[in-house]
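J.: This is the structure I want to talk about, given as structure tokens.
Laboratory data are not the source of any read-out in this text; all were calculated from the coordinates shown. Keep in mind that this is a model prediction, so the values were computed, not measured. In this analysis, Cβ positions are derived from the backbone assuming ideal geometry, glycine residues included, and neighbour counts consider all displayed protein chains.
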Protein chains: 2
Amino acid sequence: MKKPVILITNDDGVHAPGLRYLIETMRPLGNVVVIAPDKPQSAMGHAVTIQSPLRIHTITKSASYSEYSCNGTPADCVKLGEKVILRGKPNLIVSGINHGSNASINILYSGTMAAVIEGAMENVPAIGFSLNDYTHNADFSHCGKIITSLATQVLDKGMPDGICLNVNIPAMNGIPISGIRVTRQAKAFWKENFDERIDPHQRDYYWLQGEFITTDTDDDNDYWAINNNYVSVVPVQIDLTAHHMISEIKNWKLEF
Amino acid sequence: MKKPVILITNDDGVHAPGLRYLIETMRPLGNVVVIAPDKPQSAMGHAVTIQSPLRIHTITKSASYSEYSCNGTPADCVKLGEKVILRGKPNLIVSGINHGSNASINILYSGTMAAVIEGAMENVPAIGFSLNDYTHNADFSHCGKIITSLATQVLDKGMPDGICLNVNIPAMNGIPISGIRVTRQAKAFWKENFDERIDPHQRDYYWLQGEFITTDTDDDNDYWAINNNYVSVVPVQIDLTAHHMISEIKNWKLEF
């Protein structure tokens, strides 16, 4: 049987421990091509590079395993991986493991999930994996079996067009994971402010800082799941239309 | 009566003609604060700046009209506008007028629309305006009445939490606009490739290029509307959950 082709990327960059762990987990499942940003691209959202040229650096190359870095964003990595390296579509795209949760509205800022959404835009099955632990030396050892289980299912069943998965895994806390929950994106927001400083040349500058707040008290959302020791799986769609609002806005008096 | 406070930004940068036109259109409707990127930020998606400090440059400042530029992304502009300049929420955020359509999946790449989605994340009514004309010297003269009509309605009615509007306007073609249609995001994709070149030092580099393809033949979508001389208004939501997929994925055998 022909082995599936698996494209791997992330947003923490090619040297991130989360990526290295994901690579080792995926290699038994197929022929793996890694293309990851050469520097961290967290919070890059769905940015793509159109104003400057992209470059690819080959790290290693064989039939079963190839690895590249590039100077682009996670979304660029998916495009370069398909159009330049594979010259075709992979069977599966996996992104991560992100150092930090991409639950709730964080999906909208996430480079890890932009790569996954890029897959959904091209109708390639795609999964983003994030660990609820921001540290560089996070313990990923409980993630392997979860990732293998989900990736095997998606390779087997495929995904409908325009749909992908946002998987968030609780931080290692010494207690076995309670299970996997299929959830929805939690309602939440960032309560933010800017740390306002003055540089040695007497010019103001600002650092964004914030606190994540959820008022979503139901137990069917991704934020609840990862904070109650469950793996969260959110099916995500690329159609952002608020379909339920269409008829209401049609009643507006829009004249000009 | 107290005038509404209107925050204006874009992704083509503070000098873009589309922004200047939007400012002139909005000034009669309220007290206007402009904060826009100091350089073009197209295709930046929902990127936010967390790894470097942000700076704000004051261009002009009065009770009814203030204008600033900053070194950040469109999403950064909304955060800086609210947290540093206004020290509170505006009554309305408008973004654009983008030089080029943000219909269909282009919303996912768009910095213009990221600023609007940022508004929806903070429950501030927000509208993105885009003209289906990529040129720098595009003719915006037919956009004023449309923008005034929509902005007035949104100032009057507000928007539900987590919802914003993606408005796309046909390019000026000499024929009066046929009307305004409330639509959904068209199903489409970019058929892309990379122009592969070799630099004078014999190193490869790549330019992204592509063609926009839609197979969505219905007349209820945004791509159809702007190509049939209608203004398109898509209500957009920040909840990306594919709710219809939750029960299906719950049937998967997810063991680990």
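J.: Where is the GNM fluctuation largest for chain B (alpha-carbon springs, 10 angstrom cutoff): B:N71, B:N193, B:N123?
T.: B:N193
J.: When Cβ neighbours within 10 Å are restricted to other protein chains, what is their mean count per residue of peptide A:168-176?
T.: Per residue, the number of nearby Cβ atoms from other chains is 0 on average.
J.: Under the convention of a label 7 Å out along Cα→Cβ, give the distances in nm from A:N193 to the same position in every other copy, shortest first.
T.: 5.4
J.: Also, I was wondering about something else. Starting from a label point 7 Å past Cα on the Cβ side, list the distances from A:G179 to the same position in the other copies, nm, shortest first.
T.: The answer, with the shortest distance listed first, is 5.1 nm.
J.: For the stretch A:134-256, with only Lys/Arg (+1) and Asp/Glu (-1) charged at the beta-carbon, what is the dipole magnitude about the Cα centre, in debye rounded to 20?
T.: 280
J.: Going by the alpha-carbon gyration tensor, a ≥ b ≥ c the square roots of its eigenvalues, is the stretch A:131-195 rounded (a/c under 1.5) or, if a/c is not under 1.5, prolate (a/b greater than b/c) versus oblate?
T.: Taking the square roots of the gyration eigenvalues as a ≥ b ≥ c, the stretch A:131-195 is oblate.
J.: At A:L155, label 7 Å along Cα→Cβ: distances to the other copies, nm, ascending?
T.: From this label point to the equivalent ones elsewhere in the assembly: 5.8 nm.
J.: Let me ask another. As a test of the formula, what do you get for chain B when each DSSP H run with n ≥ 4 contributes -39,500 (n - 2.57) and the sum is divided by the residue count, at 222 nm and rounded to the nearest 500 deg cm²/dmol?
T.: Using -39500 (n - 2.57) per qualifying helix, the result is -6500 deg cm²/dmol.
J.: Setting aside same-chain residues fewer than 8 positions from A:K39, which aspartates and glutamates have a Cα under 14 Å from its Cα?
T.: Within reach: A:D11, A:D12, A:D76.
J.: Where a Cα-Cα gap under 21 Å defines reach, which lysines qualify for A:K3, not counting those fewer than 8 residues away within the same chain?
T.: A:K61, A:K83, A:K89, A:K145, A:K157
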